[in-house]
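*Asks:* Dumping the structure here so I can ask a few things about it.
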Amino acid sequence: MNLFADLLASTKGSTVTATGPRIQQRRGVEIKSARELKIMAKASSIVATVLREIMQLVEPGQTTGDLDAHAERRIREMGATPSFMGYHGFPASICASINNEVVHGIPSKKRVIHAGDLLKVDTGAYFDGYHGDSCITVCVGDVSEEARKLSRVAQESLMAGLSQIRAGNTLLDIAGAVEDHVKANQFSVVEDYTGHGVGRNLHEEPSVFNFRTNDLPNVKLRPGMTLAVEPILNAGSNACRTLKDRWTVVTKDGSLSAQWEHTIVVTSDGCEILTDRGDC
(Lines give C-alpha, C1' and ligand atoms only; values in the text may rest on other atoms or scores of the structure.)
Protein backbone atom coordinates (compact mmCIF):
# COMPACT_ATOMS: atom_id res chain seq x y z
CA MET A 1 0.00 0.00 0.00
CA ASN A 2 1.06 3.62 -0.51
CA LEU A 3 1.59 5.98 2.43
CA PHE A 4 -1.95 7.38 2.30
CA ALA A 5 -3.45 3.90 2.35
CA ASP A 6 -1.23 2.98 5.29
CA LEU A 7 -2.47 6.02 7.20
CA LEU A 8 -6.09 5.13 6.50
CA ALA A 9 -5.49 1.57 7.65
CA SER A 10 -4.10 2.86 10.95
CA THR A 11 -7.48 4.17 12.14
CA LYS A 12 -8.46 0.93 13.89
CA GLY A 13 -11.81 0.05 12.39
CA SER A 14 -12.82 3.54 11.28
CA THR A 15 -14.88 3.55 8.09
CA VAL A 16 -12.87 5.74 5.74
CA THR A 17 -12.46 6.16 2.02
CA ALA A 18 -9.86 7.92 -0.10
CA THR A 19 -11.81 11.16 0.48
CA GLY A 20 -12.16 10.80 4.26
CA PRO A 21 -14.58 9.35 6.83
CA ARG A 22 -17.76 7.94 5.30
CA ILE A 23 -20.99 9.72 6.23
CA GLN A 24 -23.24 7.13 7.84
CA GLN A 25 -27.03 6.93 7.91
CA ARG A 26 -28.53 9.35 10.41
CA ARG A 27 -30.27 7.83 13.43
CA GLY A 28 -31.82 10.86 15.14
CA VAL A 29 -30.58 12.05 18.55
CA GLU A 30 -28.30 9.35 19.93
CA ILE A 31 -27.41 8.43 23.52
CA LYS A 32 -23.85 7.16 23.60
CA SER A 33 -22.79 4.11 25.59
CA ALA A 34 -19.84 4.09 27.98
CA ARG A 35 -17.78 2.36 25.28
CA GLU A 36 -18.69 4.98 22.68
CA LEU A 37 -17.93 7.83 25.07
CA LYS A 38 -14.49 6.40 25.74
CA ILE A 39 -13.74 6.42 22.01
CA MET A 40 -15.15 9.93 21.60
CA ALA A 41 -12.99 11.10 24.48
CA LYS A 42 -9.93 9.85 22.59
CA ALA A 43 -11.00 11.50 19.31
CA SER A 44 -11.69 14.74 21.16
CA SER A 45 -8.38 14.58 23.01
CA ILE A 46 -6.60 14.40 19.66
CA VAL A 47 -8.48 17.51 18.50
CA ALA A 48 -7.64 19.34 21.73
CA THR A 49 -3.95 18.47 21.40
CA VAL A 50 -3.78 19.72 17.81
CA LEU A 51 -5.53 23.00 18.61
CA ARG A 52 -3.34 23.57 21.66
CA GLU A 53 -0.28 23.11 19.46
CA ILE A 54 -1.66 25.47 16.83
CA MET A 55 -2.32 28.16 19.45
CA GLN A 56 1.36 27.96 20.37
CA LEU A 57 2.59 27.80 16.77
CA VAL A 58 0.68 30.67 15.17
CA GLU A 59 2.80 33.70 14.33
CA PRO A 60 2.89 36.38 11.64
CA GLY A 61 4.40 35.21 8.37
CA GLN A 62 3.02 31.69 8.51
CA THR A 63 0.36 30.59 6.07
CA THR A 64 -2.94 28.90 6.82
CA GLY A 65 -1.60 26.07 4.64
CA ASP A 66 1.26 25.61 7.13
CA LEU A 67 -1.26 25.16 9.94
CA ASP A 68 -3.31 22.74 7.88
CA ALA A 69 -0.25 20.61 7.15
CA HIS A 70 0.63 20.52 10.86
CA ALA A 71 -2.92 19.53 11.82
CA GLU A 72 -3.15 16.72 9.28
CA ARG A 73 0.26 15.32 10.22
CA ARG A 74 -0.46 15.36 13.95
CA ILE A 75 -3.99 13.90 13.63
CA ARG A 76 -2.61 11.00 11.62
CA GLU A 77 0.38 10.52 13.95
CA MET A 78 -2.09 10.03 16.81
CA GLY A 79 -3.90 7.28 14.91
CA ALA A 80 -6.89 9.22 13.63
CA THR A 81 -8.15 10.60 10.31
CA PRO A 82 -8.96 14.30 9.71
CA SER A 83 -12.74 14.63 9.96
CA PHE A 84 -12.95 17.56 7.57
CA MET A 85 -10.83 16.16 4.73
CA GLY A 86 -13.21 15.31 1.91
CA TYR A 87 -16.32 16.09 3.97
CA HIS A 88 -18.85 17.09 1.29
CA GLY A 89 -15.77 17.82 -0.80
CA PHE A 90 -13.90 20.07 1.65
CA PRO A 91 -10.22 19.97 0.62
CA ALA A 92 -8.36 20.33 3.94
CA SER A 93 -8.00 19.17 7.55
CA ILE A 94 -8.84 22.52 9.15
CA CYS A 95 -11.06 25.47 8.44
CA ALA A 96 -8.95 28.63 8.72
CA SER A 97 -11.03 31.82 8.71
CA ILE A 98 -9.44 35.25 9.14
CA ASN A 99 -10.98 38.55 10.32
CA ASN A 100 -14.35 38.99 8.55
CA GLU A 101 -14.38 35.35 7.42
CA VAL A 102 -17.00 33.63 9.56
CA VAL A 103 -16.58 29.89 8.88
CA HIS A 104 -15.22 27.35 6.40
CA GLY A 105 -12.16 29.28 5.25
CA ILE A 106 -10.03 27.05 3.01
CA PRO A 107 -6.36 26.98 4.11
CA SER A 108 -3.74 27.81 1.51
CA LYS A 109 0.02 28.16 1.24
CA LYS A 110 -0.72 31.53 -0.36
CA ARG A 111 -2.75 32.87 2.58
CA VAL A 112 -0.29 34.62 4.88
CA ILE A 113 -1.18 35.32 8.52
CA HIS A 114 -0.41 38.87 9.64
CA ALA A 115 0.00 40.58 13.01
CA GLY A 116 -3.38 41.96 14.04
CA ASP A 117 -5.37 39.15 12.43
CA LEU A 118 -8.25 37.40 14.18
CA LEU A 119 -7.81 33.77 13.14
CA LYS A 120 -10.39 31.03 13.63
CA VAL A 121 -9.14 27.43 13.40
CA ASP A 122 -11.72 24.62 13.39
CA THR A 123 -10.77 20.95 13.12
CA GLY A 124 -11.98 17.45 13.82
CA ALA A 125 -10.54 13.97 14.26
CA TYR A 126 -12.15 10.63 13.38
CA PHE A 127 -10.94 7.84 15.65
CA ASP A 128 -12.23 4.26 15.71
CA GLY A 129 -15.53 5.29 14.12
CA TYR A 130 -16.28 8.49 16.08
CA HIS A 131 -15.55 12.20 15.70
CA GLY A 132 -14.37 15.01 17.97
CA ASP A 133 -14.83 18.63 16.85
CA SER A 134 -13.58 21.96 18.22
CA CYS A 135 -12.72 25.52 17.19
CA ILE A 136 -10.52 28.25 18.64
CA THR A 137 -10.00 31.93 17.88
CA VAL A 138 -6.42 33.20 17.95
CA CYS A 139 -5.50 36.87 18.35
CA VAL A 140 -2.33 37.10 16.25
CA GLY A 141 0.14 39.55 17.75
CA ASP A 142 -1.13 42.99 18.70
CA VAL A 143 -4.80 42.98 17.66
CA SER A 144 -7.38 45.74 18.02
CA GLU A 145 -9.31 46.08 21.27
CA GLU A 146 -12.49 45.20 19.36
CA ALA A 147 -10.96 41.97 18.07
CA ARG A 148 -9.70 40.95 21.50
CA LYS A 149 -13.05 41.68 23.13
CA LEU A 150 -14.98 39.84 20.40
CA SER A 151 -12.88 36.71 20.89
CA ARG A 152 -13.18 36.93 24.68
CA VAL A 153 -16.95 37.38 24.60
CA ALA A 154 -17.32 34.51 22.12
CA GLN A 155 -15.41 32.22 24.48
CA GLU A 156 -17.37 33.48 27.48
CA SER A 157 -20.65 32.90 25.65
CA LEU A 158 -19.60 29.31 24.94
CA MET A 159 -18.91 28.74 28.61
CA ALA A 160 -22.19 30.44 29.56
CA GLY A 161 -24.00 28.01 27.28
CA LEU A 162 -22.13 25.02 28.70
CA SER A 163 -23.08 26.12 32.23
CA GLN A 164 -26.72 25.41 31.33
CA ILE A 165 -26.11 21.86 30.19
CA ARG A 166 -27.47 19.18 32.47
CA ALA A 167 -30.04 16.42 32.21
CA GLY A 168 -33.56 17.88 32.14
CA ASN A 169 -32.60 21.26 30.68
CA THR A 170 -33.22 22.03 27.02
CA LEU A 171 -31.45 23.48 24.01
CA LEU A 172 -33.23 26.78 24.66
CA ASP A 173 -31.49 27.00 28.03
CA ILE A 174 -28.15 26.86 26.21
CA ALA A 175 -29.30 29.30 23.53
CA GLY A 176 -30.66 31.84 25.99
CA ALA A 177 -27.46 31.92 28.03
CA VAL A 178 -25.35 32.44 24.88
CA GLU A 179 -27.62 35.09 23.41
CA ASP A 180 -27.92 37.08 26.63
CA HIS A 181 -24.16 37.30 27.09
CA VAL A 182 -23.58 38.29 23.47
CA LYS A 183 -26.25 40.98 23.48
CA ALA A 184 -25.05 42.37 26.81
CA ASN A 185 -21.72 43.01 25.07
CA GLN A 186 -23.39 44.54 21.98
CA PHE A 187 -22.30 41.90 19.49
CA SER A 188 -24.51 39.75 17.25
CA VAL A 189 -25.06 35.98 17.09
CA VAL A 190 -24.73 34.36 13.67
CA GLU A 191 -27.96 32.45 13.09
CA ASP A 192 -27.12 30.82 9.76
CA TYR A 193 -24.84 28.25 11.42
CA THR A 194 -25.43 26.29 14.62
CA GLY A 195 -23.81 23.66 16.75
CA HIS A 196 -24.87 20.04 16.34
CA GLY A 197 -24.84 16.56 17.68
CA VAL A 198 -21.60 14.69 17.03
CA GLY A 199 -20.60 11.03 17.11
CA ARG A 200 -20.53 8.49 14.30
CA ASN A 201 -21.12 11.42 11.96
CA LEU A 202 -19.45 14.80 12.23
CA HIS A 203 -22.89 16.42 12.14
CA GLU A 204 -25.81 14.68 13.84
CA GLU A 205 -29.11 15.72 15.37
CA PRO A 206 -29.98 17.94 17.15
CA SER A 207 -29.12 21.44 15.92
CA VAL A 208 -27.60 23.28 18.90
CA PHE A 209 -28.69 26.86 18.28
CA ASN A 210 -27.23 29.95 19.97
CA PHE A 211 -30.30 32.20 19.89
CA ARG A 212 -33.89 31.94 21.09
CA THR A 213 -36.14 30.46 18.42
CA ASN A 214 -39.29 28.42 17.99
CA ASP A 215 -38.24 27.30 14.52
CA LEU A 216 -35.94 24.49 15.66
CA PRO A 217 -36.78 21.53 17.93
CA ASN A 218 -36.23 22.36 21.61
CA VAL A 219 -34.77 19.00 22.61
CA LYS A 220 -34.58 18.01 26.28
CA LEU A 221 -31.04 17.08 27.32
CA ARG A 222 -30.32 13.55 28.50
CA PRO A 223 -27.17 11.93 29.91
CA GLY A 224 -25.03 10.47 27.17
CA MET A 225 -25.94 13.03 24.50
CA THR A 226 -22.83 14.34 22.75
CA LEU A 227 -22.97 17.85 21.35
CA ALA A 228 -20.70 20.33 19.59
CA VAL A 229 -21.60 23.73 21.04
CA GLU A 230 -20.20 26.59 18.94
CA PRO A 231 -21.31 30.21 19.27
CA ILE A 232 -20.27 32.38 16.32
CA LEU A 233 -20.27 36.15 16.97
CA ASN A 234 -19.97 39.12 14.63
CA ALA A 235 -18.87 42.57 15.70
CA GLY A 236 -21.51 44.11 13.41
CA SER A 237 -24.51 42.61 11.67
CA ASN A 238 -25.10 38.87 11.84
CA ALA A 239 -25.76 38.76 8.08
CA CYS A 240 -23.37 36.53 6.10
CA ARG A 241 -22.68 35.54 2.51
CA THR A 242 -20.72 32.73 0.86
CA LEU A 243 -17.84 33.49 -1.51
CA LYS A 244 -17.42 32.08 -5.00
CA ASP A 245 -15.29 29.19 -3.68
CA ARG A 246 -18.64 27.89 -2.29
CA TRP A 247 -17.09 27.36 1.16
CA THR A 248 -15.80 30.57 2.73
CA VAL A 249 -18.50 32.51 4.56
CA VAL A 250 -17.90 36.20 5.31
CA THR A 251 -19.77 38.96 7.11
CA LYS A 252 -21.82 41.07 4.71
CA ASP A 253 -20.76 44.32 6.36
CA GLY A 254 -17.06 43.41 6.58
CA SER A 255 -17.08 43.28 10.39
CA LEU A 256 -14.94 40.87 12.42
CA SER A 257 -16.17 37.42 13.42
CA ALA A 258 -15.09 35.04 16.22
CA GLN A 259 -15.94 31.47 17.15
CA TRP A 260 -15.22 29.01 19.96
CA GLU A 261 -16.42 25.40 20.06
CA HIS A 262 -16.24 22.35 22.29
CA THR A 263 -17.47 18.78 22.00
CA ILE A 264 -19.21 17.83 25.25
CA VAL A 265 -21.17 14.97 26.78
CA VAL A 266 -24.28 15.68 28.86
CA THR A 267 -24.21 14.29 32.40
CA SER A 268 -26.89 14.15 35.07
CA ASP A 269 -25.68 17.32 36.79
CA GLY A 270 -23.70 19.16 34.08
CA CYS A 271 -21.45 18.31 31.18
CA GLU A 272 -17.95 17.02 30.53
CA ILE A 273 -15.87 18.94 27.98
CA LEU A 274 -14.29 16.23 25.84
CA THR A 275 -12.16 18.72 23.84
CA ASP A 276 -10.88 20.52 26.94
CA ARG A 277 -7.47 22.10 26.26
CA GLY A 278 -6.98 23.27 29.82
CA ASP A 279 -7.35 26.95 28.90
CA CYS A 280 -10.96 27.61 29.99
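The values are calculated or read from the model by the stated rules, or taken from the named source; none is laboratory data. Since we're looking at a predicted model, the values are computed, not measured. Note: ideal-geometry Cβ built from the backbone for every residue, glycine included; neighbour counts use all protein chains shown. Accessible surface areas use protein heavy atoms only, side chains included; no ligands, DNA or RNA. Shrake-Rupley method; radii C 1.70, N 1.55, O 1.52, S 1.80 Å.
*Asks:* Within the stretch 174-275, report the GluC sites (Glu not before Pro) that DSSP leaves as loop and that have at most 16 other Cβ atoms within 10 Å.
*Replies:* Values: sites: Glu179, Glu191, Glu204, Glu261, Glu272; in loops: Glu191.
Hits after loop and neighbour filter: Glu191.
*Asks:* Using +1 on the beta carbon of Lys and Arg, -1 on that of Asp and Glu, and nothing else charged, what's the dipole of the stretch 145-280 about the Cα centre, debye to 20?
*Replies:* On the way: 14 positive and 19 negative charges, 38 e Å.
Rounded to the nearest 20 debye, it is 180 debye.
*Asks:* Another question, if that's okay. Amide H to amide H under 5 Å from Gly105: which residues, 5+ apart in sequence or cross-chain, H placed 1.01 Å off N in plane?
*Replies:* Ala96, Ser97, Val249
*Asks:* On to the next question. Set Lys and Arg Cβ to +1 and Asp and Glu Cβ to -1, take the dipole of the chain about its Cα centre, and tell me which of Ser237, Gly89, Gly254 lies farthest positive.
*Replies:* Most positive-ward Cα: Gly89.
*Asks:* With 5 Å bins from zero, work out the P(r) of the stretch 109-209 over every alpha carbon pair and list the percent per bin.
*Replies:* Distribution as computed: 2, 11, 17, 20, 19, 15, 10, 5, 1, 0 percent.
*Asks:* Explain nothing, just the number: dipole magnitude of the chain about its Cα centre with +1 on each Lys and Arg Cβ and -1 on each Asp and Glu Cβ, in debye rounded to the nearest 20.
*Replies:* With Lys and Arg at +1 and Asp and Glu at -1, about 660 debye.
*Asks:* Using a Gaussian network for the chain with springs between C-alpha atoms less than 10 Å apart, which of these wobbles most: Arg246, Arg152, Arg212?
*Replies:* In this elastic network of the chain, the residue with the biggest mean-square fluctuation among Arg246, Arg152, Arg212 is Arg246.
*Asks:* When the helix-only estimate is applied to the chain (DSSP H runs of n ≥ 4, each -39,500 (n - 2.57), divided by the residue count), what is the mean residue ellipticity at 222 nm, nearest 500 deg cm²/dmol?
*Replies:* So the helix-based figure for the chain works out to -9000 deg cm²/dmol.
*Asks:* Between Gln186 and Ser108, how many nm apart are label points set 7 Å from Cα along the C-beta direction?
*Replies:* Roughly 3.5 nm, to one decimal.
*Asks:* In nm, to one decimal, how far is the Asp269 label point from the Asn214 one, both placed 7 Å along Cα→Cβ?
*Replies:* In this crude spin-label approximation the distance works out to 3.6 nm.
*Asks:* So how strong a dipole does the stretch 14-161 carry about its Cα centre when Lys and Arg Cβ are +1 and Asp and Glu Cβ are -1, to the nearest 20 debye?
*Replies:* The calculated dipole for the stretch 14-161 is roughly 540 debye.
*Asks:* Any chance you could check the Cα centroid distance between the stretch 224-280 and the stretch 33-100 for me, in angstrom?
*Replies:* Result: 15 Å between the Cα centres.
*Asks:* What is the percent carbon and sulfur in the accessible area of the stretch 47-117, measuring with a 1.4 Å probe over the protein chains and ignoring ligands? Walk me through the numbers on the way to the answer.
*Replies:* Values: 1390 of 2740 Å².
For the stretch 47-117, the apolar C and S fraction of the accessible surface comes to 51 percent.
*Asks:* What part of the accessible area of the stretch 240-280, given as a whole %, is carbon or sulfur when the probe is 1.4 angstrom?
*Replies:* That share works out to 43 percent.
*Asks:* Let me ask something additional. Which one of Gly79, His114, Gln62 has its Cα pushed farthest toward the positive end of the charge dipole of the chain, where Lys and Arg give +1 and Asp and Glu give -1 at the Cβ?
*Replies:* Checking the options against the dipole of the chain, the answer is Gly79.
*Asks:* Relative contact order, percent, of the chain when contacts are C-alpha pairs under 8 Å separated by at least 6 residues?
*Replies:* It comes to 21 percent, rounded to a whole number.
*Asks:* Please calculate how many Å² of accessible area the chain carries per residue, with a 1.4 Å probe and no DNA, RNA or ligand atoms counted. Numbers along the way, then the final one.
*Replies:* On the way: 11670 Å² over 280 residues.
Dividing the accessible area of the chain by its residue count gives 42 Å².
*Asks:* Taking 1 over the mean of 1/r across every pair of different Cα atoms in the chain, what Kirkwood radius in Å do you get?
*Replies:* Radius from the Kirkwood sum: 18.6 Å.
*Asks:* Quick check on my link table: of Lys149/Lys220; Lys120/Lys149; Lys183/Lys244; Lys32/Lys120; Lys120/Lys252, which ones sit more than 26 Å apart, alpha carbon to alpha carbon?
*Replies:* Violating the 26 Å Cα-Cα cut-off are Lys149/Lys220; Lys183/Lys244; Lys32/Lys120.
*Asks:* Give me a comma-separated list of calculated 3J(HN,Hα) values for the stretch 180-192, in order, Karplus coefficients 6.51, -1.76, 1.60 applied at θ = phi - 60°, integers in Hz, x for any Gly or Pro.
*Replies:* Values, residue by residue: 4, 5, 5, 5, 4, 9, 6, 10, 10, 8, 5, 9, 6 Hz.
*Asks:* Next question. Could you give the length gained on full extension between Arg148 and Leu57, defined as 0.36 nm per residue of separation minus the Cα-Cα distance, in nm?
*Replies:* Gain on extension, Arg148 to Leu57, equals 30.9 nm.
*Asks:* List, in order, the whole-Hz ³J(HN,Hα) value for each residue of the stretch 158-169 obtained from phi through the Karplus relation with A = 6.51, B = -1.76, C = 1.60 and θ = phi - 60°; use x for Gly and Pro.
*Replies:* Rounded to whole hertz, the list is 4, 5, 5, x, 5, 5, 9, 8, 6, 4, x, 6.
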